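A quick write-up on the structure given underneath.
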Amino acid sequence: MSIILALLIFSVLVIVHELGHFLLAKWNGVTVTEFSVGMGPRLLSHEWGGTRYSLKLFPFGGSCMMVGEEEESDEEGSFGSKSVWARIAVVAAGPVFNFILAFVLSVIIVANVGYDDTVVDVTPGYPAAEAGMQDGDRIVRMGGSRTYVYREISLFNSLYQGQNAEVTYRRGSEEYTVLLTPVKDAGGFYRYGFEKTNARIKGDFFETMGYSAAELRYWLKATVESLRKLYQGQVGLDDMSGPVGIVHTIGDTYEESRSDGWYYVMLNMVIMSILLSVNLGVMNLLPIPALDGGRLVFLLIEAVRGKALPQEKESMVHFVGFILLMGLMMVVLLNDIRHIFL
């Protein structure tokens, strides 16, 4: 079941990503030769409006093939014949659509289970209480960053264990700012002395939309912060997960929630999809050759200098980047296998 659920989730994420490229390509007059759902040999296909729409054998992934996407071409309707800003829009649309999907899925979660605000209870004897914080205070800023959901506070404490934090909280109509130095609890975990104890809250339409955006913001922040920690060497290979690790996590989540019924299974799968969709969007925007972000770098250089770099040089950079990316994926894959099966 975990493999089936993972295939479904991965397929939806990739199809939505490719749909973003497809819709913006059509909007800008780029000729799309084929838009396919799935990979491998075609099972069904139909040509309409100059584009072949295909359903392929293997039910995961998808693709959007455009004229002149990989080779230099100035013919009418080719990717290269369009303005640099039109091409930027087409390339950026894939990751943007992943963020849109994550927002839509966040609406489903918040509408069904509510949101976790930042109203806290304070533990006596800890720094927050000693600094004057009280039960019912609402934390509005922590470590210099605005907070909308409590998990942003938990994320900060997880990423910056043991570090001082400037906390701004609201009580009634007044705001106060304190500097807190966390202390270790009995389990060796650093705590500031506040926690979330009340249940999630279901709001009206506008609150649901607002907190769904906050939900998306939280996952974006978590992804970017994790990448920053990786770049700084504060997390290593053992903290990364590839496809095998993700499938394993999806399987564990399914097993843990199955006893609660399919409603909770689906909600947990939606949460996993939000996480993966945001990760896919962010990763594709990184300035790495062969990814959308790498292509955007070349397009932005073209926009600044007024002319494109030679196509053969760009293709070579993307090819080398692709080889290195495949090597990294293989390392992560082997690491997943070592952790899970050995």
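None of the figures in this text is laboratory data; all of them are computed from the coordinates on show. Just so it is clear, the model here is predicted, and its values are computed rather than measured. Cβ sites come from the backbone with ideal geometry, for glycine too, and all protein chains shown count toward neighbours.
Suppose a student asked you for the relative contact order of segment 66-221, using Cα pairs under 8 Å spaced at least 6 residues apart; what percent would you report?
26
Could you work out the relative contact order of segment 1-75, using alpha carbon pairs under 8 angstrom and six or more residues apart, expressed as a whole percent?
Once normalised by length, the contact order is 33 percent.
Do you know the relative contact order of segment 276-341, to the nearest whole percent, from alpha carbon pairs under 8 angstrom that are 6+ apart?
Relative contact order of segment 276-341: 24 percent.
Going out from 0 in 10 Å bins, what whole percent of all Cα-Cα distances in segment 12-122 drops into each bin?
14, 34, 28, 12, 7, 3, 1
Using θ = phi - 60° and the Karplus curve 6.51 cos²θ - 1.76 cosθ + 1.60, what whole-Hz ³J(HN,Hα) does each residue of segment 112-128 get, with Gly and Pro shown as x?
Taking θ as phi minus 60°, the curve returns 8, 10, x, 10, 9, 6, 10, 6, 10, 9, 10, 8, x, x, 9, x, 4 Hz for segment 112-128.
Please sort 198-205, 264-271, 43-50 by packing, taking for each peptide the average over its residues of neighbouring beta carbons within 10 angstrom, highest first. Walk me through the numbers before you get to the answer.
Numbers: 198-205: 12.1, 264-271: 17.1, 43-50: 10.1.
Top of the packing list down: 264-271, 198-205, 43-50.
With n ≥ 4 as the cut-off for DSSP H runs, can you work out [θ] at 222 nm for the chain, using -39500 (n - 2.57) per run divided by the number of residues, rounded to the nearest 500?
-18500 deg cm²/dmol
³J(HN,Hα) across segment 253-263 via Karplus (A = 6.51, B = -1.76, C = 1.60, θ = phi - 60°), whole Hz, x for Gly/Pro?
5, 4, 5, 5, 9, 4, 5, 7, x, 5, 4
Compute for segment 162-201: radius of gyration divided by Kirkwood radius, i.e. Rg/Rh, restricted to C-alpha atoms, rounded to two decimals.
That ratio is 1.06, to two decimals.
Which order, highest average first, do 168-178, 290-300 follow once you tally other Cβ atoms within 10 Å for each residue and take the mean per peptide?
The packing order, highest mean first, is 290-300, 168-178.
If I model a spin label as a point 7 Å beyond the Cα along the Cα-Cβ vector, how far apart are those points for Ser83 and Ile301 in nm?
It is 2.3 nm.
Taking the structure as given and computing Rg and Dmax of the Cα atoms in Å, which label from (i) 23.3, 73; (ii) 29.6, 102; (iii) 19.7, 63 fits?
(i)
Three principal axis extents, largest first, for the C-alpha atoms of segment 242-318, in Å?
59, 21, 12
Tilt of helix 205-231 relative to the longest C-alpha principal axis of the chain, in degrees (0 to 90, nearest 10)?
That works out to roughly 80 degrees.
Please report the antiparallel percentage of DSSP beta bridges with both residues in the chain, rounded to the nearest 5.
Roughly 90 percent of the beta bridges in the chain run antiparallel, per DSSP.
How do the peptides 308-315, 281-288, 250-257 rank, highest first, by the average count of neighbouring beta carbon atoms within 10 Å per residue? Don't skip to the answer; put the middle values down first.
On the way: 308-315: 13.8, 281-288: 18.5, 250-257: 15.9.
Highest mean packing first, the order is 281-288, 250-257, 308-315.
In angstroms, what radius of gyration and Dmax does segment 116-199 have, counting Cα atoms only?
Final numbers for Rg and Dmax: 11.5, 36 Å.
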